[in-house]
Amino acid sequence: MATLHIDGLTKTFSGTRAVDGFSLDVAQGQFVSLLGPSGCGKSTILRMIAGLMEPDAGTIRIGGTDVTHAPPNKRNIGLVFQSYALFPHMNVFENVAFGLRRRRMAEAEVAARVAESLAMVRLTGLEQRLPRQLSGGQQQRVALARAIAFRPALLLLDEPLSNLDAKLRDTMRVELRRLQQELSITTLFVTHDQEEALTMSDLVCVLSHGVLQQTGDPRSVYEQPQTPFVAEFFGRSNAFDGTVVAADRVRLDGGPELASARMPAGCAAGSPVRVTVRHDTVVAVPAGAALPETPNRFAGTLLLASFAGSNAQYVIRLEDGTEITAESRIGREAALPPAGAPMTVAVVPSDVLVMVPR
Amino acid sequence: MTLGRWLNRSGFGLLSPALLLLIAVFAAPLLVLLPVSLHPYVPGRGIGTSWTFDNYLAILGDGFRLEIIGRSLSLGIIVVATTLVIGYPLAYFLARTGSRLRPWLIMLVIFPLLLNVVVRSFGWIVLLSNYGLVNELLIGVGLIDRPLKLIFNFTGLLIGLTHIFLPFMVLVLIGTIQGIPRDLEDAARTMGASRAAVFLKVTLPLSAPGVLSGGILVFVLTISALVTPRLLGGPTYQVMSTLIFDEFLKILNWPRGAAMAFILTTIVLLLIWVSGRLSRRWTVVR
């Protein structure tokens with residue numbers, strides 16, 4: 001149990017910056033997600049924290065101790081691999097006991113700790129099974145039990161849920177979070193799945209091309225993105241290039257002017273910006289129907305309406321040719337309007353996210 | 001069930017070309033040789049017609065021949081051990097390296113196999129003889145006064161055979177080590193295992209099947225090698241294969257040669273059977 005402080009972590013692979021000046025402070029017991037598409041450097045960061053990779057620059061401190069150049073076996077870290085990496089020649093008991101025995105613990109205590117860890121992941125009774133005799137979900141739990149058995153200072157999880165099927169993934173997500181809170185263990189979770197990151201974390205770090213885009217609690221990174229990448233990464237969005245017209249107005253390139261309540265500070269008229277509007281904040285109705293009160297109202301024609309479970313998705317072409325996608329709940333009986341139908345589109349200014357491109 | 005269907009079901013159909021070849025060039029000649037080993041040798045006339053176990057009994061009761069059998073077997077075991085000790089680190093490096101030179105390094109391991117074994121053995125004679133390169137160097141540096149006896153004895157055979165069979169061990173081990181996911185070693189490291197513990201608890205047990213098959217291969221090649229022991233052992237330092245060769249082609253005592261050959265074959269088959277059982281136990285554990 002400990003804090004984690006990372007400062008200016010950098011790693012270069014044959015000329016490419018895989019991780020560029022990454023810094024992060026994690027309080028004791030926090031659950032932090034490193035979120036980003038594949039190749040964003042999140043796994044590289046994890047491997048450097050675990051000591052499996054040497055950083056080119058920067059420092060890593062666990063519980064106040066500088067471990068930047070310590071070998072992995074001296075860091076007291078529990079790591080769960082995406083592949084689980086269970087030892088195929090050892091049974092469940094021996095797998096979980098591995099870290100305990102490396103710490104020269106008495107056999108009686110090893111047995112007690114293994115039993116305790118297996119109970120936590122609800123695998124009691126499977127001690128004698130070999131990994132290949134277990135299901136994917138069970139292997140996952142063994143990997144988790146093995147990582148927490150020796151009570152590491154820090155728990156690192158490298159996309160641990162990505163090899164499970166959707167249903168099991170949801171169960172494991174809840175269980176993993178419960179276990180983490182029960183043990184109050186500082187945890188770093190690497191994932192490319194925004195839903196996993198948002199639902200499980202105290203803190204989310206969004207990464208792109210080795211650069212930290214934004215750190216914050218799940219709600220703030222979702223609702224107040226600070227870079228175009230973050231804005232477009234969460235949910236589904238309409239994204240446009242545009243220009244600042246006034247302190248609260250932008251013009252989309254080749255498109256209409258929009259009023260926005262989410263302008264970046266200190267933006268002069270004429271400067272280029274990136275404008276993002278989430279699909280589910282765009283209201284689209286057949287022409288003439290009631291709409292929320294907003295200056296951003298546009299007439300257009302429906303290009304495509306598709307049914308997506310509880311939502312309907314509309315692709316609409318505005319009169320000046322701009323295409324915009326709207327997503328909204330559909331009533332039980334309402335029929336989707338046909339393609340070519342005249343529509344009206346509205347967006348409230350607080351949903352028009354304007355950002356300075358990096 | 002018809003023969004065709006049985007071949008399809010059992011998978012023996014795939015084996016049959018190799019199996020037929022093996023029967024034609026190995027099993028059949030061996031069976032032809034079996035009666036020869038059970039006839040007496042009549043000096044001046046050749047193979048007698050009566051039946052006898054004397055050839056086997058004579059070999060197993062003869063101190064000189066027993067010593068040679070023992071020598072062959074211990075040579076086999078020690079060559080396996082040295083190729084393993086030298087070959088494992090090399091194979092580990094080649095299996096794990098991300099270097100662009102890797103294909104070339106592997107070529108370098110295979111390269112000696114492209115040279116004729118006679119040439120390689122003569123090379124060792126040049127290096128190891130009393131006034132060879134190694135002794136001259138050691139005397140020149142002042143480490144020894146008189147040349148070490150490095151050839152026409154056990155040492156010479158050990159050096160030569162280790163060199164010649166090392167590539168086989170390395171190639172088998174590379175394949176096995178590559179099959180061990182690197183995550184397993186990383187996982188062991190993060191759980192507190194030192195590099196030595198990772199090797200002893202994870203890498204070595206998981207590469208045991210490769211160690212076993214590489215060991216069998218090198219052992220069998222060593223105890224059946226003829227050219228290298230002949231050249232590096234000289235005319236007097238014998239092993240089983242050179243002895244069999246001499247019985248057949250110099251002394252012309254075919255019955256005794258045949259009996260000797262059967263003893264060698266029996267030892268090899270026994271070894272393969274035992275190790276087959278061992279590896280089955282290991283694969284069950286995996």
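The values are calculated or read from the model by the stated rules, or taken from the named source; none is laboratory data. Only a predicted model underlies this, so the values are computations on that prediction, with no experimental measurement involved. All Cβ positions, even for glycine, are placed from backbone atoms using ideal geometry, and neighbour counts span all protein chains on display. For the accessible areas, the whole protein counts, side chains as well, though only heavy atoms, and no ligand, DNA or RNA atoms are used. Shrake-Rupley method; radii C 1.70, N 1.55, O 1.52, S 1.80 Å.
For a quick check of your reading: which strands (runs of 3 or more DSSP E) sit entirely within the stretch A:1-115 and have at least 2 residues that are under 16 Å from B:ARG189 (Cα atoms), open to solvent by less than 10 Å² (accessible area, probe 1.4 Å) and within 14 Å of another protein chain (Cβ to nearest Cβ)?
Output list reads A:77-80.
Could you grab me the full set of residues in the stretch B:147-190 that are of a type in the set (A, V, I, L, M), out of contact with any strand residue (DSSP E or B) (no Cβ under 8 Å at 6 or more places or on another chain) and farther than 16 Å from B:TRP124 by Cβ?
B:MET169, B:VAL170, B:LEU171, B:VAL172, B:LEU173, B:ILE174, B:ILE177, B:ILE180, B:LEU184, B:ALA188
Each row is one residue, and each column tells you yes or no for (1) surrounded by fewer than 22 Cβ atoms within 10 Å (Cβ to Cβ); (2) over 17 Å from B:LEU158 (Cβ atoms); (3) in contact with a His (Cβ under 7 Å, 6 or more places away or on another chain).
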{"position": "B:LEU212", "(1), (2), (3)": "yes, yes, no"}
{"position": "B:LEU217", "(1), (2), (3)": "yes, yes, no"}
{"position": "B:THR222", "(1), (2), (3)": "no, no, no"}
{"position": "B:GLN238", "(1), (2), (3)": "yes, no, no"}
{"position": "B:PRO255", "(1), (2), (3)": "no, yes, yes"}
{"position": "B:ILE263", "(1), (2), (3)": "yes, yes, no"}
{"position": "B:ILE267", "(1), (2), (3)": "yes, yes, no"}
{"position": "B:ARG277", "(1), (2), (3)": "yes, yes, no"}
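Evaluate the following for B:LEU148: is it closer than 30 Å to B:LEU231 by Cα and modelled with pLDDT of 95 or more?
no
So how many residues does the stretch A:274-313 have that are assigned to a strand (DSSP E or B) and within 25 Å of the chain's Cα centre (by Cα)?
8
Restricting the search to the stretch A:236-264, which residues are of a type in the set (D, E, K, R) and either in a strand (DSSP E or B) or out of contact with any Ser or Thr (no Cβ under 9 Å at 6 or more places or on another chain) (or both)?
Once the filter is applied, which keeps residues that are of a type in the set (D, E, K, R) and either in a strand (DSSP E or B) or out of contact with any Ser or Thr (no Cβ under 9 Å at 6 or more places or on another chain) (or both), the stretch A:236-264 yields A:ASP241, A:ARG249, A:ARG251, A:GLU257, A:ARG262.
Of the conditions (1) in contact with a Ser or Thr (Cβ under 9 Å, 6 or more places away or on another chain); (2) without any contact (Cβ under 8 Å) to a residue 12 or more places away in the chain, B:ARG120 satisfies every one except a single condition; which number is it?
If we test B:ARG120 against (1) in contact with a Ser or Thr (Cβ under 9 Å, 6 or more places away or on another chain); (2) without any contact (Cβ under 8 Å) to a residue 12 or more places away in the chain, just (2) comes out false.
Of all residues being in contact (Cβ under 8 Å) with a residue 40 or more places away in the chain and open to solvent by 40 Å² or more (accessible area, probe 1.4 Å) in the stretch A:299-320, which is farthest from A:THR344 (Cα to Cα)? Just the residue, please.
A:ASP320
Restricting the first residue to the stretch B:189-204 and requiring it to be at the interface with chain A (Cβ under 8 Å from one of its Cβ atoms), which pairs with a second residue that is of a type in the set (Asp, Glu) meet a Cβ separation below 8 Å and a spacing of at least six or different chains?
B:VAL202/B:GLU185
Taking the stretch B:79-98 on its own, how many of its residues are open to solvent by 50 Å² or more (accessible area, probe 1.4 Å) and over 18 Å from the mean Cα position of the chain (by Cα)?
So the count comes out to 5.
Return yes when A:ARG129 is within 14 Å of chain B (Cβ to nearest Cβ), out of contact with any Asp or Glu (no Cβ under 6 Å at 6 or more places or on another chain), surrounded by fewer than 18 Cβ atoms within 10 Å (Cβ to Cβ) and within 18 Å of B:MET191 (Cα to Cα) and no when it is not.
no
Quick check on B:ARG9: is it open to solvent by 90 Å² or more (accessible area, probe 1.4 Å), of a type outside the set (A, V, I, L, M, F, W, C) and in a helix (DSSP H, G or I)?
Here the answer is yes, as B:ARG9 does meet what is asked.
B:ALA208 fails exactly one of the following numbered conditions: (1) more than 14 Å from chain A (Cβ to nearest Cβ); (2) in contact (Cβ under 8 Å) with a residue 40 or more places away in the chain; (3) of a type outside the set (S, T, N, Q). What is the number of that condition?
Tallying (1) more than 14 Å from chain A (Cβ to nearest Cβ); (2) in contact (Cβ under 8 Å) with a residue 40 or more places away in the chain; (3) of a type outside the set (S, T, N, Q), B:ALA208 fails exactly one: (1).
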